[in-house]
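**Student:** Mind having a look at this structure? Questions to follow.
Please treat every number below as a calculation from the coordinates, not as lab data. Since we're looking at a predicted model, the values are computed, not measured. Counting neighbours? That spans all protein chains shown, and the Cβs are built from the backbone with ideal geometry, glycine included.
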2 protein chains.
Amino acid sequence: MTYAHNFNPTISDETVFQAILDEKDDIGYYNLPFQDTTAFKEYAKTVQQNNIVVIGIGGSSLGTYAIYKFLKHSKNLQKKLFFLETTDPIDIQSKIQMIDLKDTLFIVISKSGTTVETVSIFKYINSLIKCDKNNTVVITENDSKLNTYAKMHGMTAFEIPKNVGGRFSVFSAVGLLPLAIVGIDIDELMRGTKRIYDGFFSANKTAIKERLLNKARFLVEYKNKFNINVIFSYSSRLEGFNKWYIQLWGESLGKIDVNGSRAGLTPVGIIGPIDQHSFLQLIIEGRRDKTVTVIKVENFENDLQIPDITLEGLEELDYLNNMEFSSLIKNQADATIESINNLKDIPCDVMTIDGVCETAISSLMYEYELLTSLCAKFMYIDAYNQPGVESGKIILKKKLQGK
Amino acid sequence: MTYAHNFNPTISDETVFQAILDEKDDIGYYNLPFQDTTAFKEYAKTVQQNNIVVIGIGGSSLGTYAIYKFLKHSKNLQKKLFFLETTDPIDIQSKIQMIDLKDTLFIVISKSGTTVETVSIFKYINSLIKCDKNNTVVITENDSKLNTYAKMHGMTAFEIPKNVGGRFSVFSAVGLLPLAIVGIDIDELMRGTKRIYDGFFSANKTAIKERLLNKARFLVEYKNKFNINVIFSYSSRLEGFNKWYIQLWGESLGKIDVNGSRAGLTPVGIIGPIDQHSFLQLIIEGRRDKTVTVIKVENFENDLQIPDITLEGLEELDYLNNMEFSSLIKNQADATIESINNLKDIPCDVMTIDGVCETAISSLMYEYELLTSLCAKFMYIDAYNQPGVESGKIILKKKLQGK
């Protein structure tokens with residue numbers, strides 16, 4: 001007998017791990033934890049302006065926003081960071097009205113260098129204020145046309161390596177430069193990513209490696225039954241992380257696989273204390289088509305306490321008195337977890353991050369990047385391309401050129 | 001032969017429409033377009049404070065936020081509206097730091113009157129500033145304990161009718177009072193809802209009635225194939241609307257149906273100009289499990305123009321010069337619609353709203369409320385209860401009481 005086949009058997013953990021090792025030097029984001037960040041920190045020291053405006057869309061802004069949104073109220077930041085990331089004229093105008101443009105550094109970020117939305121916004125800014133080497137810096141690929149423009153004007157330019165995809169670029173200059181400028185400790189960010197890197201790439205069996213492989217395998221093996229992956233974040237500070245996750249997951253894992261089948265896992269990001277009053281209903285009673293990942297924060301700095309007062313008529317709620325809000329929100333998370341686990345047929349995992357600090361958010365994000373790569377390997381798809389987005393860009397360009 | 005059965009045949013449009021007529025006087029939100037709004041407008045005139053803080057969660061804040069977020073930059077509003085809607089201590093603290101509490105009116109909103117999160121936050125506010133009839137107003141059910149509290153302190157209280165569910169309450173006092181106070185024209189809001197009401201409840205065949213029935217029938221008939229309903233909003237101003245839609249849809253339609261089957265349609269809300277760079281990939285190449293509704297805005301007031309300048313090195317993008325951002329964003333929407341329609345196997349509809357005005361947002365929201373009721377009828381479920389949320393509340397209460 002001879003035997004031939006065109007189907008792909010379920011892959012073993014070892015094969016997948018080896019596939020990651022095989023691409024590790026070609027896919028740039030894996031090794032970002034070990035880059036030299038001196039240039040970002042040195043540049044940050046020279047910035048005089050108090051407002052920092054990132055002009056960039058999608059992968060050029062979402063990751064930076066996620067980290068900034070998570071940390072900005074807990075760190076004593078001296079500078080403010082803004083994002084011009086949409087073509088909505090009302091949004092652009094309302095943000096610009098808040099900013100003293102003369103006291104602003106513009107960071108123009110486009111991997112390709114010719115992103116229509118980014119260049120449009122940058123052109124508009126040019127009509128309001130002269131953009132030159134004193135107030136503009138560029139982050140792009142080394143051989144892009146935006147880099148040519150920067151060179152012609154003597155502007156500082158930082159590189160996005162070709163092999164670092166936009167949605168995996170938060171720990172390159174794309175995120176680290178603006179974050180360093182506003183006063184986030186980027187060495188601490190790197191420390192968080194290294195912790196996950198070391199655990200995952202260890203030759204030994206580690207908790208990090210095991211949970212990542214197990215989770216990716218589970219999500220892919222059950223992807224046709226559970227085609228929706230809900231992240232239930234128990235802190236409003238994680239709203240930016242949710243948005244970043246939706247981009248990373250949707251754009252990396254919505255693909256046609258090696259067998260020509262449409263694959264995909266649909267990301268949903270919700271905020272615990274708010275959405276447990278609504279979306280939880282759909283989880284509890286709706287179709288069993290969702291996995292749920294609850295993210296809890298262990299330590300909230302700057303906690304607040306419910307005072308020991310009685311509201312006449314509402315005495316029945318006095319059991320809340322003297323409770324800290326951090327305790328209330330953690331109890332809310334635990335109640336949601338218990339509601340879900342009581343049902344026994346909804347896959348649910350819980351990630352508890354240490355606190356509202358650099359290492360907590362960067363390790364969470366780097367872990368999700370690795371999880372994305374792992375899922376793609378298990379699914380026999382390419383996590384790093386985006387043909388569906390590119391085809392839309394071609395149609396848009398034709399429309400804009402009136403063709 | 002005799003014949004008995006326990007299954008439910010597909011319902012006709014006429015039967016569903018009749019079922020809506022049958023419940024029209026029992027389910028309060030249907031008739032809100034015709035309520036007397038004088039009391040809200042009169043109260044609004046008396047408010048001296050410049051900051052208005054809504055203390056409320058879920059249905060007590062999301063709809064108001066949706067309308068405020070949509071309109072706030074286009075109207076010349078004199079007062080600012082804030083929302084304390086989460087138990088995240090960092091969120092509470094960062095918002096309070098922005099507000100002069102001495103120049104603030106607090107609107108405490110809780111339908112039941114005993115919402116744990118709302119009362120916790122209100123207690124905390126009481127520890128910062130004396131809350132009395134001069135700076136606090138209450139919106140709740142007439143016989144709630146919060147109403148008792150308000151009466152004991154001589155505070156003004158507005159009613160949430162018992163038969164208006166929280167997530168359907170935006171056009172009751174819950175939304176109209178704070179919106180009237182900050183200067184939104186609530187008569188115009190009502191005019192938008194009436195337009196949809198008149199079209200839908202007309203005895204004749206109207207475009208509004210037909211599109212609502214067709215859409216609800218389609219979504220339900222294909223709910224097992226297309227279990228995810230994506231709203232792709234082409235304006236950042238619709239971010240609040242997206243969140244409100246997610247609550248309305250998830251909590252109303254995630255239910256066990258009359259046959260004991262788990263039903264549910266999963267809402268996803270994304271922002272066009274940003275997410276067409278990411279989530280669109282999942283739509284285009286991923287599994288065919290999604291319907292897509294694109295929302296376009298016809299007229300953006302306060303438009304901006306891309307200036308007629310050339311950036312050296314980026315001459316290839318000069319075709320953007322002199323284009324208005326409103327035109328760019330509409331072209332982006334059209335490119336996305338064309339990308340999707342080219343595939344021929346993704347159900348897609350397009351809603352174009354007139355502009356950034358009261359009638360546009362209120363008619364959109366009222367239409368979605370009707371669509372939700374219709375889907376529930378076609379699905380043989382109760383749109384207006386939420387047993388899955390209630391069970392979570394019971395668990396939370398036990399945890400907080402240490403039981």
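**Student:** Compute the signed sum of charges (Lys and Arg +1, Asp and Glu -1) over the other residues within less than 12 Å, Cβ to Cβ, of A:Lys151.
**Tutor:** Surrounding charge for A:Lys151 is 0.
**Student:** With the Cα gyration tensor of chain A in hand, convert its eigenvalues to equivalent ellipsoid semi-axes via √(5λ) and list them largest first in whole Å.
**Tutor:** Equivalent ellipsoid of chain A: 35, 31, 21 Å, largest first.
**Student:** Also, I was wondering about something else. Over the stretch B:101-147, one equal point on each Cα, no solvent: what is log10 I(q)/I(0) by the Debye formula at q = 0.23, 0.28, 0.33 Å⁻¹?
**Tutor:** After summing over all Cα pairs, the log10 values are -0.81, -1.09, -1.28.
**Student:** Taking θ = phi - 60°, what integer Hz values does the Karplus form 6.51 cos²θ - 1.76 cosθ + 1.60 yield along the stretch A:236-251, in sequence order, with x for Gly and Pro?
**Tutor:** Each residue of the stretch A:236-251 in turn: 4, 5, 8, 4, x, 4, 4, 5, 4, 4, 4, 5, 4, 6, x, 7 Hz.
**Student:** Hey, with R₀ at 45 Å, roughly what FRET efficiency would B:Arg211 and A:Met1 work out to, going by the Cβ-Cβ distance, to 0.05?
**Tutor:** According to the calculation, E is roughly 0.15.
**Student:** Still on this structure, please answer the following. Classify the stretch A:28-184 as rounded, prolate or oblate, taking a ≥ b ≥ c as the square roots of the eigenvalues of its Cα gyration tensor: rounded when a/c is under 1.5, otherwise prolate if a/b is larger than b/c and oblate if not.
**Tutor:** rounded
**Student:** Could you work out the relative contact order of chain A? I mean the mean sequence separation of Cα pairs under 8 Å and 6+ apart, divided by the number of residues, in percent.
**Tutor:** 19 percent
**Student:** Give A:Lys111/A:Lys145; A:Lys123/A:Lys145; A:Lys72/A:Lys290 a once-over and call out the pairs whose C-alpha atoms are over 20 Å from each other.
**Tutor:** Flagged as over cut-off: A:Lys72/A:Lys290.
**Student:** Just flag the trypsin sites (Lys or Arg not before Pro) in the stretch B:163-215 sitting in loop per DSSP whose Cβ has no more than 10 other Cβ atoms within 10 Å.
**Tutor:** B:Lys205
**Student:** Can you give the average number of partner chain beta-carbon atoms within 10 Å of each beta-carbon in peptide B:249-262, as a whole number?
**Tutor:** Mean shielding count: 4.
**Student:** In nm, to one decimal, how far is the B:Asn134 label point from the A:Tyr380 one, both placed 7 Å along Cα→Cβ?
**Tutor:** Taking the simple label geometry, B:Asn134 and A:Tyr380 are separated by 7.4 nm.
**Student:** Within the stretch B:159-174, what residues put their amide N at less than 18 Å from the label point 7 Å along the Cα-to-Cβ vector of B:Glu23?
**Tutor:** B:161-171
**Student:** Hey, got the average number of other protein chain Cβ atoms within 10 angstrom for residues in A:362-370?
**Tutor:** Taking all residues of A:362-370 together, the mean is 0.
**Student:** Among B:Ala360, B:Gln97, B:Phe300, whose Cα sits farthest toward the positive end of the charge dipole of chain B (+1 at Cβ of Lys/Arg, -1 at Cβ of Asp/Glu, about the Cα centre)?
**Tutor:** B:Gln97
**Student:** Oh, and also: Whole-Hz Karplus ³J(HN,Hα) for the stretch B:178-195, in order, using 6.51 cos²θ - 1.76 cosθ + 1.60 and θ = phi - 60°, x for Gly and Pro?
**Tutor:** x, 5, 4, 5, 7, x, 6, 7, 6, 5, 5, 4, 4, 4, x, 5, 5, 4
**Student:** Let me ask something else. From the helices alone, meaning DSSP H stretches of at least four residues, give me the mean residue ellipticity at 222 nm for chain A, per-run term -39500 (n - 2.57), in deg cm²/dmol to the nearest 500.
**Tutor:** -14000 deg cm²/dmol
**Student:** Counting only residues 5 or more places away or on other chains, whose amide H sits under 5 Å from the amide H of A:Met351 once H atoms are built in the peptide plane?
**Tutor:** HN-HN under 5 Å from A:Met351: A:Val294, A:Ile295, A:Lys296.
**Student:** In terms of modelled amide H atoms, which long-range or inter-chain residues lie less than 5 Å from the amide H of B:Ile256?
**Tutor:** B:Ala263
**Student:** Taking the Cβ of A:Thr15 as the center, what net charge do the other residues with Cβ under 14 Å away carry, scoring Lys and Arg +1 and Asp and Glu -1?
**Tutor:** -2
**Student:** Could you list which residues have their amide H under 5 Å from that of B:Phe158, counting only those 5 or more apart in sequence or on another chain, with H placed in the peptide plane?
**Tutor:** Under 5 Å from the amide H of B:Phe158: B:Val138, B:Ile139, B:Thr140.
**Student:** In percent, what relative contact order does the stretch A:28-184 have, based on Cα pairs under 8 Å that are 6 or more apart in sequence?
**Tutor:** Once normalised by length, the contact order is 35 percent.
**Student:** On a 30 Å Cα-Cα criterion, which of the cross-link pairs A:Lys403/B:Lys194; A:Lys223/B:Lys330; B:Lys95/B:Lys403; A:Lys243/B:Lys162; A:Lys69/B:Lys79 come out too long?
**Tutor:** With Cα atoms farther than 30 Å apart: A:Lys403/B:Lys194; A:Lys223/B:Lys330; B:Lys95/B:Lys403; A:Lys243/B:Lys162.
**Student:** Right, here's the next one. Jot down the radius of gyration and Dmax of the protein assembly as shown, Cα atoms only, both in angstrom.
**Tutor:** Final numbers for Rg and Dmax: 26.2, 91 Å.
**Student:** Can you list the chymotrypsin sites (Phe, Trp or Tyr not before Pro) in the stretch B:30-118 that are in a DSSP coil and have 13 or fewer other beta carbons within 10 angstrom?
**Tutor:** Sites meeting the loop and neighbour criteria: none at all.
**Student:** Averaged across the residues of B:48-59, what count of C-beta atoms belonging to other chains lies within 10 Å of each residue's C-beta?
**Tutor:** Partner Cβ neighbours, averaged per residue: 1.
**Student:** Still on this model: Measuring label to label, 7 Å along Cα→Cβ, what does B:Lys403 give against each other copy in nm, shortest first?
**Tutor:** 6.9
**Student:** List residues of the stretch B:278-296, by number, whose backbone nitrogen lies under 16 Å from a label position 7 Å along Cα→C-beta of B:Asn341.
**Tutor:** B:292-296
**Student:** Also, quick follow-up: Just to confirm the numbers: B:Ile99, label point 7 angstrom along the Cα-Cβ line, distances to the other copies in nm, shortest first?
**Tutor:** 2.8
**Student:** Nm distances between the label at A:Lys133 and the same-position labels in the remaining copies, 7 Å along Cα→Cβ, shortest first?
**Tutor:** Once sorted, the set of distances for A:Lys133 reads 7.0 nm.
**Student:** Please list 3J(HN,Hα) in residue order for the stretch B:36-42, calculated via the Karplus relation 6.51 cos²θ - 1.76 cosθ + 1.60 where θ = phi - 60°; whole Hz, with x for glycine and proline.
**Tutor:** 7, 9, 4, 4, 5, 5, 5
**Student:** Let me ask something else. Tell me the relative contact order for the stretch B:207-379 as a rounded percent, counting alpha carbon contacts under 8 Å between residues six or more apart.
**Tutor:** Relative contact order of the stretch B:207-379: 31 percent.
**Student:** A follow-up question, please. Which trypsin sites (Lys or Arg not before Pro) in the stretch A:292-396 pass both tests, a DSSP loop state and at most 15 other beta-carbon atoms within 10 Å?
**Tutor:** A:Lys344
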